[in-house]
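Report on one structure; see the data block that follows.
The values are calculated or read from the model by the stated rules, or taken from the named source; none is laboratory data. None of the values given here were measured: they were computed from a predicted structure. Neighbour counts run over all protein chains shown; Cβ positions are idealised from the backbone, glycine included.
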Amino acid sequence: MSKFGENFIWGVATSAYQIEGAFDEDGKGLSIWDTFSNKPGNVMNDENGNVACDHYHMSSSDVKMIADLGVKAYRFSIAWTRILPQGYGEVNQKGIDFYNELIDDLLANGITPWVTLYHWDLPQTLQDEHDGWLGREIVDHFKNFADICFAAFGDRVKHWITLNEPWVVAILGYGQAVFPPAITSNSAPYLAGHHLLLAHAEAVQIYRHKYQQTQGGVIGITNNCDWREPIDDHPDNIAAAERALEFFLGWFADPVYKGNYPQSMIDRVGDRLPIFTVEEQEMLKGSSDFFGLNHYTTMMVKNDDHSADVAQSVYGNGGISEDQDVILSVDPAWGQTSMGWSIVPWGCRKLLVWIANRYGNPDIYITENGCSFDAEVVDGASADPGRVEFLHGYLKECANAIAQGAKLKGYFAWSFMDNFEWALGYSKRFGLVHVDFETLVRTPKTSYFWYREYIQANQ
């Protein structure tokens, strides 16, 4: 019998802006990523997602490749501006038609759609009119968008994710200016994060009150988190590692499972951290039917007692460094992906067990896990041995986490195919399928065939 159980869900994942292209076709409005990536200097090599993988026009053949992979689930996101070009107002029927066709095509091929409502592509109009996620109005706009999607697709979509990685939206968009709207601040991330959580909770309420009983689906949120390992067994460093996890994952998971922010954040952030009303706490607590997790890497943690001047990086830090008092590092013996992220499979196991212990052992789905490695096409094939090794190592530790009691119920490899990697453009390749961004030709990599065989062996 499989170490994963007979009902384990095997899948792959993508997101709308990273693969769809057709950025201004069939009535689609502009998102903040359309605007940001088309401004010189924002994205490596001044690349953009205007065409990306052109999935908008190639979805049928892409679905066939997903089906041939043997996965039973496909996670994708809906572009808000395809449905509501301005973020509100009149519904764009051609956008509805596109996702209807995609969903029907997936189901016809025996693939369960897992739909993310928001994967960072906020309508530009809402950014202009309400300061994006800094304005309280955004919560109602998102609720309305979610309602439209539930009504249009919920008869066939039974797995919903409200938000993808709100930490990234808050920190990289509103703290470090790496992503749109490119704000640098030590307070804006907390306000944006607050509104993201409320938007999630309101969308869940709509679903549960209007749709869940008749449609019979589940809804949740996906958070990202890297593991934080104490650099040694000194109590200060153990405490620092726990604090780092609370500022990273606890920031968005604690309100959903416990009704409020972690106490370490309340104590340290002070009046920069907004306060939930009692009603909001009640609405948030229990607002996820499963625990969605995106996990990529691990770092070691040392308590920062401010005895040395150590520069902190947003990518490694998990939040605003001065609020956490942690110093992060990596073991030079760890292998690295082409992103410079350490390959530490046991960190995945430790994180899954930590989640199980902290949040009452919920059903967990790894909604993203993967790696970037360069891979060329030679004689019609693309070899990526590093990705095969990565997936094998992380899946082994997933099985070990299950053996330790974590209720891991599914795994989605990121990504189905090479795509637009946000501010890094097309320079990083996360796909199981190679994409030639000049010709748009898809070529399955070695990892595609390995994953297919692994799934077959673990059904």
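For the structure I just gave you, tell me whether Lys350 is assigned to a helix (DSSP H, G or I) and closer than 16 Å to Tyr296 by Cβ. For Lys350, the condition - assigned to a helix (DSSP H, G or I) and closer than 16 Å to Tyr296 by Cβ - is met.
Considering every residue within region 69-79, establish whether at least one is assigned to a helix (DSSP H, G or I), more than 17 Å from Gly217 (Cα to Cα) and out of contact with any Phe, Trp or Tyr (no Cβ under 7 Å at 6 or more places or on another chain). No; the residues of region 69-79 include none that is assigned to a helix (DSSP H, G or I), more than 17 Å from Gly217 (Cα to Cα) and out of contact with any Phe, Trp or Tyr (no Cβ under 7 Å at 6 or more places or on another chain).
Between Phe437, Phe430, Phe412, Phe420, the distinction of being in a strand (DSSP E or B) and within 30 Å of Pro181 (Cβ to Cβ) belongs to Phe412 only.
Residues checked against (1) out of contact with any Phe, Trp or Tyr (no Cβ under 8 Å at 6 or more places or on another chain); (2) surrounded by fewer than 18 Cβ atoms within 10 Å (Cβ to Cβ); (3) modelled with pLDDT of 95 or more; (4) closer than 30 Å to Pro113 by Cα:
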| residue | (1), (2), (3), (4) |
| --- | --- |
| Pro230 | yes, no, yes, no |
| His234 | yes, yes, yes, no |
| Pro255 | no, no, yes, yes |
| Asn260 | no, yes, yes, no |
| Asp267 | yes, yes, yes, no |
| Asp271 | yes, yes, yes, no |
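Within region 346-370, residues that are in contact (Cβ under 8 Å) with a residue 60 or more places away in the chain have Cβ atoms under 6 Å from residues that are part of a helix (DSSP H, G or I) in these pairs: Cys348/Tyr394; Cys348/Glu397; Tyr359/Tyr257; Asn369/Tyr394, counting only partners at least 6 apart in sequence or on another chain. With respect to the conditions (1) crowded, with 23+ Cβ neighbours inside 10 Å; (2) within 21 Å of Ala240 (Cβ to Cβ); (3) at pLDDT 95 or above, Tyr394 lacks only one, and its number is (2).
The set of residues from region 273-293 being surrounded by fewer than 22 Cβ atoms within 10 Å (Cβ to Cβ) and either outside any helix (DSSP H, G or I) or in contact with a strand residue (DSSP E or B) (Cβ under 9 Å, 6 or more places away or on another chain) (or both) comprises Leu273, Pro274, Ile275, Phe276, Thr277, Lys285, Gly286, Asp289, Phe290. Checked against (1) at pLDDT 95 or above; (2) outside any loop (DSSP other than H, G, I, E, B); (3) of a type in the set (A, V, I, L, M, F, W, C); (4) more than 19 Å from the chain's Cα centre (by Cα), Ile366 passes all but a single condition, namely (4). Of the residues Ser15, Ser31, the single one that is modelled with pLDDT of 95 or more and closer than 30 Å to Ala401 by Cβ is Ser15. Report, by residue number, each residue of region 159-177 that is out of contact with any Phe, Trp or Tyr (no Cβ under 8 Å at 6 or more places or on another chain) and either among the aliphatic types (A, V, I, L, M) or surrounded by fewer than 17 Cβ atoms within 10 Å (Cβ to Cβ) (or both). Passing the criteria: Ile171, Ala177.
Considering region 140-167, and only residues there that are under 19 Å from Phe412 (Cα atoms) and either in a strand (DSSP E or B) or of a type in the set (Val, Ile, Thr) (or both), the residue that is nearest to the chain's Cα centre (by Cα) turns out to be Asn164. Do we have Trp341 as over 23 Å from Lys428 (Cα atoms), surrounded by fewer than 22 Cβ atoms within 10 Å (Cβ to Cβ) and touching a residue at least 40 places away in the same chain (Cβ under 8 Å) here? No: the conditions fail for Trp341. Might you check whether a residue that is in a helix (DSSP H, G or I) and crowded, with 24+ Cβ neighbours inside 10 Å occurs anywhere in region 178-189? Yes, the conditions are met somewhere in region 178-189. For region 29-55: of the residues being hydroxyl-bearing (Ser, Thr, Tyr) and either assigned to a loop (DSSP other than H, G, I, E, B) or more than 19 Å from the chain's Cα centre (by Cα) (or both), which is surrounded by the most Cβ atoms within 10 Å (Cβ to Cβ)? This residue is Ser37.
Sort out which residues of region 80-120 are outside any loop (DSSP other than H, G, I, E, B), among the aliphatic types (A, V, I, L, M) and either at pLDDT below 95 or in contact with a Lys or Arg (Cβ under 8 Å, 6 or more places away or on another chain) (or both), and write them in order of number.
Within region 80-120, Ile103, Leu107, Val115 meet the criteria.
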